[in-house]
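Comments concern the structure below.
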Amino acid sequence: MGNDKLAHDLFEAARDASAKCHAPYSKFPVGAALRTEDGSIHAGANIEVISFPEGWCAETTAISHMIMAGHTRIREVAVFAPKLDFCSPCGGCRQRLAEFSAPDTLVYLCDAEGVKKTVRMDELLPYAFETEVIG
Ligand code: THU
């Protein structure tokens, strides 16, 4: 079974999460779901506020749920936006996902039926900002 088939549960979790978005301004639902090293799935949707820059992305909500559940390592992640052929995480979310991922963490870009394209984290964010000087 290929990764795309194995990731169908993540696709479903991302799709279901997108239905819970709060996106009254863009009317652009997005859902994200990530699987951690223990196999648990954490999902989230985008949340917008009337002061537009204060909203945040589905990936960020999913990361919040993962952290609050006590996990810090992402094994794979799916992103779904019903209005797009496939949804690729924005630049800010790439950095946030990279914080908790490995270079070979798989990112599934989904369309309405399932996983359309699979990329590695280090393909999505090459030359990621990282340094041992901080922390
Ligand atoms: N959005 C996400 O949730 N994830 C992305 O990776 C791209 C954009 C959301 C933010 C905003 O609520 C809406 O999509 C339109 O930009």
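Observations
- Boolean, A78 is near the ligand (Cβ under 9 Å from one of its atoms), modelled with pLDDT of 95 or more and crowded, with 23+ Cβ neighbours inside 10 Å: no
- A residue that is in a strand (DSSP E or B), over 15 Å from the mean Cα position of the chain (by Cα) and touching a residue at least 24 places away in the same chain (Cβ under 8 Å) can be found somewhere in region 17-27.
- Residue pairs whose Cβ atoms lie under 9 Å apart, sitting 6 or more positions apart in sequence or on different chains, and linking a residue in region 98-118 that is more than 11 Å from F86 (Cα to Cα) to a partner that is in a helix (DSSP H, G or I) and at pLDDT below 95, are L106/N3.
- The residue that is most open to solvent (accessible area, probe 1.4 Å), among those in region 21-47 that are farther than 18 Å from V107 by Cβ and of a type in the set (A, V, I, L, M), is I47.
- Some residue of region 35-51 being farther than 17 Å from D9 by Cβ and away from the ligand (no atom under 12 Å from the Cβ): yes
- From the options E76, E48, E37, E59, residue that is touching a residue at least 12 places away in the same chain (Cβ under 8 Å) and over 16 Å from the mean Cα position of the chain (by Cα): E48
- Within region 33-135, strands (runs of 3 or more DSSP E) holding 3 or more residues that are out of contact with any helix residue (DSSP H, G or I) (no Cβ under 6 Å at 6 or more places or on another chain): 74-80, 101-110, 115-120
- Only one of S88, S18 that is closer than 19 Å to E123 by Cβ, within 11 Å of the ligand (Cβ to nearest atom) and open to solvent by less than 70 Å² (accessible area, probe 1.4 Å): S88
- Options E59, E123; residue that is exposed (fewer than 15 other Cβ atoms within 10 Å of the Cβ) and acidic (D, E): E123
The values are calculated or read from the model by the stated rules, or taken from the named source; none is laboratory data. Values in this document were obtained by computation on a predicted structure and should not be read as measured data. As a convention, Cβ positions derive from the backbone with ideal geometry for all residues, glycine included, and neighbour counts pool all protein chains shown. Protein only, heavy atoms only, side chains kept; ligands, DNA and RNA dropped before computing areas. Shrake-Rupley method; radii C 1.70, N 1.55, O 1.52, S 1.80 Å.
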